[in-house]
Amino acid sequence: MTNSPMCLISISRLIAIILFFIPLPSLGLSLDKGIVRDDPQWSSYAGIVRKQHNFYPDSVFIDTDAELMYGLSRSSIAVFDLSSNFRLMGGRGLTRWPGEYIEEEIVTRYANFDIAYGERPLGLSRTSVGCLVNSPLRYGDINASGDAELVLFMGNDLVVFSPNRQRVIFMANLAIYDWLPAAAVEDFYTDEAGTFRAGEASPQHPSTIAISNARHGAPPQQLPGYRGYAKLYFGDFDENDQHDILVWRKLYVSRLRNDETPGFQVLKDTYLHYQLNDSEYELQDTDETTIQGWLSADELTWQKGYPSKSECEGEVGELIPEMHDPLLTDPAVLQ
């Protein structure tokens, strides 16, 4: 039996209609950036809340439809009513989200040389991966729920805050910096007498956590540094009509000086599945093979995860260099 042209056209249109309504994974976040200090509008908004409420924001976002202004200051969020002369409607201090995942190696290193990882305060920083902290407060509906969220870049932590729920509903560390850059390594290994004291088994990139927190005046231990990154993927991957965030984490450890290969080696890959339940994301007991299968099925590589594009001056729109560094000696980050 042969299909008529009319039948072929109908089938093609049907496929197109079906594809149109299938929710596809999001390769990034569509977010509106807040106003920061170098914006001409800054003094019009920040100056008022400083004077009226003694609130010193680092970034603000104006929701013109709702006549609200959200302000981010250090480690707190405040909301103001623009229709009532910037009346303070509420505020909330920000702390680490209980559902955050971090590698056990990092937890242990902080426990040995610093405060417990979970007790580390959230706060703004002048530097972050990809210079995302240059616009630390952003606004958008990340899960197509109809309600917008505040997406905060606090150092290397991505924090999702729900204005409706008045709490953090998701958080992920995007970058781990526990390694001394090459430019500082020689100085670290050279003592006051000018003697270079690194051995063949010393790490190429020592741990900065161990260096910065040497206790009781003891010389810092020469521990291999850790370096890690995370990419996020958004969509309904398990097709149950509940929004998902997949997290692909990579952790690297410094090679030793007797290793002919410079840089780092892969320590582990971790795959996490968070699902939106009752307006907050919850970590699911989904095996890593399944998560890898979802990524593979949609051809979601490391470079397609969020974040990927730099916002640093001179690099805007390019791949974030440190997250796709050949010195990681990991072919996956180049795809």
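For this structure, a couple of remarks:
- Ile209 farther than 30 Å from Asp39 by Cα and in contact with a Phe, Trp or Tyr (Cβ under 7 Å, 6 or more places away or on another chain): yes
- Total residues in the range 141-166, condition out of contact with any Pro (no Cβ under 7 Å at 6 or more places or on another chain) and surrounded by 15 or more Cβ atoms within 10 Å (Cβ to Cβ): 14
- Filter result (charged (D, E, K, R), touching a residue at least 60 places away in the same chain (Cβ under 8 Å) and more than 17 Å from Ile209 (Cα to Cα)) within the range 96-134: Arg96, Glu100
- For the range 53-91, taking the residues that are more than 29 Å from Gly155 (Cβ to Cβ) and touching a strand residue (DSSP E or B) at 6+ places or on another chain (Cβ under 8 Å), the one that is surrounded by the most Cβ atoms within 10 Å (Cβ to Cβ) is identified as Leu82.
- Glu311 vs. criteria within 21 Å of the chain's Cα centre (by Cα), within 30 Å of Asn164 (Cβ to Cβ), assigned to a strand (DSSP E or B) and among the charged types (D, E, K, R): no
- In the range 162-188, of all residues being touching a strand residue (DSSP E or B) at 6+ places or on another chain (Cβ under 8 Å) and within 16 Å of Phe264 (Cα to Cα), the one that is modelled with the lowest pLDDT corresponds to Val185.
- Checking every residue in the range 237-249 against the condition of being surrounded by fewer than 22 Cβ atoms within 10 Å (Cβ to Cβ), among the charged types (D, E, K, R) and under 18 Å from Pro307 (Cα atoms) gives at least one match.
- The strands (runs of 3 or more DSSP E) found wholly in the range 122-230 and carrying at least 1 residues that are of a type in the set (Lys, Arg) and closer than 28 Å to Leu319 by Cβ occupy 137-140.
- The residue that is surrounded by the most Cβ atoms within 10 Å (Cβ to Cβ), counting only those in the range 169-190 that are under 26 Å from the mean Cα position of the chain (by Cα) and not aliphatic (A, V, I, L, M), is Asp178.
- Neighbours by Cβ (under 6 Å, 6+ apart or cross-chain): first from the range 289-304, under 20 Å from Asp330 (Cα atoms); second among the β-branched types (Val, Ile, Thr): Trp302/Val333
- Exclusive hit being buried (at least 18 other Cβ atoms within 10 Å of the Cβ), in contact with a helix residue (DSSP H, G or I) (Cβ under 8 Å, 6 or more places away or on another chain) and at pLDDT below 95, set Gly228, Gly263: Gly263
- Taking (1) part of a loop (DSSP other than H, G, I, E, B); (2) of a type outside the set (A, V, I, L, M, F, W, C); (3) at pLDDT below 90 in turn, Thr95 satisfies each apart from (3).
- Residue match in the range 267-289 (condition: among the basic types (Lys, Arg) and either part of a loop (DSSP other than H, G, I, E, B) or at pLDDT below 95 (or both)): no
- Here the range 119-140 is the region considered, the condition is being of a type in the set (D, E, K, R) and surrounded by fewer than 20 Cβ atoms within 10 Å (Cβ to Cβ), and the residue that is modelled with the lowest pLDDT is Arg126.
- Pairs are defined by a Cβ separation below 7 Å, a sequence spacing of at least 6 or placement on different chains, a first member in the range 144-161 that is on the phi > 0 side of the Ramachandran plot and at pLDDT below 95, and a second member that is buried (at least 22 other Cβ atoms within 10 Å of the Cβ) and of a type in the set (S, T, N, Q); the pairs so defined are Gly155/Ser128.
The values are calculated or read from the model by the stated rules, or taken from the named source; none is laboratory data. On a predicted model such as this, the values are computed, not experimentally measured, just so you know. Here Cβ is always computed from backbone atoms with ideal geometry, including for glycine, and neighbour counts include all displayed protein chains.
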